[in-house]
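Data block below; observations after.
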């Protein structure tokens, strides 16, 4: 059985970022399909891993690097050595901050290109270091996986040499749709839900201005994530809009918020995929999202879209949701249909196929070991 090294050194141990959560779901799917033995190289210890994979993978724990460019260069030597020691066939980099060499082939995942699509917000040092990392790691990958068609188009626009290697494999909803978390502690009145750390691409200030523009007393905002610069509060400008801040909540609490919210609002300037859209749709929460980047692609017909640079357009969408009979039920129904398009088993099948393709295109297999054909789709 071929062996895959899932390489994820860039993620913080014990902090389940979107990249880590996707990687863990893919690992679980690959294990279930039975084609590969999986080795995980990351800052995560075995006891920190999700129960579904904790005792089913080999674990190599490494410290999270402080300077990504230096670590990527170091991995050019360290990962090939590790691959030889552990008899690794193919390396799957969970993001581009991984290994440019090692195994018989590499497959790398690209979640977004904010350093290219939002260049005005990126520090010059980050832009200067991220581009050579992408060129080195992706340029030496037999296949490149993008999480959305929007991300693939961005990648091929900025790195045209990758056009024949890039394929889109979307993720799927993370939360169990049967969850119905506790309602204690939720705001008494209607609220708009925002999920994610308040980075520039999230554009939560526009959400705050739009809710102020509604002029409807009692309608609040619940933000799940970090907002160290108080971007939402600053954009409210002292208006009497209830603001609830939550962070590091569990899945049951998040599910309860989705089910209780007036809607999920995603006013992002750019998203590589945007898992909260599918989480909301899976839990019968209407979605209002930006008409840019990946969000309209992922949301499908199950969302109202708006120009994220226009707070008044978002206000109009919120007003429609409040005032138009039947619109909420229509969005929920379309959301249920849309979320069925995404399935982790299918995601794992497509990862498996691309890993096997990369192996077949790589160096000749060793005589004693045979690469099996991918399983047919379930």
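The values are calculated or read from the model by the stated rules, or taken from the named source; none is laboratory data. The model shown is predicted, which means the values in this text are computed figures rather than measured ones. When we count neighbours, we look across all protein chains shown, and the Cβ atoms used for this are built from the backbone with ideal geometry, even at glycine.
Within the set 211, 222, the sole residue that is assigned by TED's automatic domain parsing to the domain that holds residue 269, within 24 Å of residue 250 (Cα to Cα) and modelled with pLDDT of 95 or more turns out to be 222.
Number of residues in the stretch 240-254 that are assigned to a helix (DSSP H, G or I) and out of contact with any strand residue (DSSP E or B) (no Cβ under 8 Å at 6 or more places or on another chain) equals 2. Tallying residues that are buried (at least 19 other Cβ atoms within 10 Å of the Cβ) and modelled with pLDDT under 95 within the stretch 131-161 yields 0. The number of residues in the stretch 214-239 being part of a loop (DSSP other than H, G, I, E, B) and either under 24 Å from the mean Cα position of the chain (by Cα) or over 20 Å from residue 309 (Cβ atoms) (or both) comes to 13. Here residue 68 fulfils each of the conditions (1) surrounded by fewer than 17 Cβ atoms within 10 Å (Cβ to Cβ); (2) at pLDDT below 95 apart from (1). Taking the conditions exactly as written (closer than 26 Å to residue 79 by Cα and surrounded by 19 or more Cβ atoms within 10 Å (Cβ to Cβ)), does residue 164 satisfy them or not? Criteria not met by residue 164.
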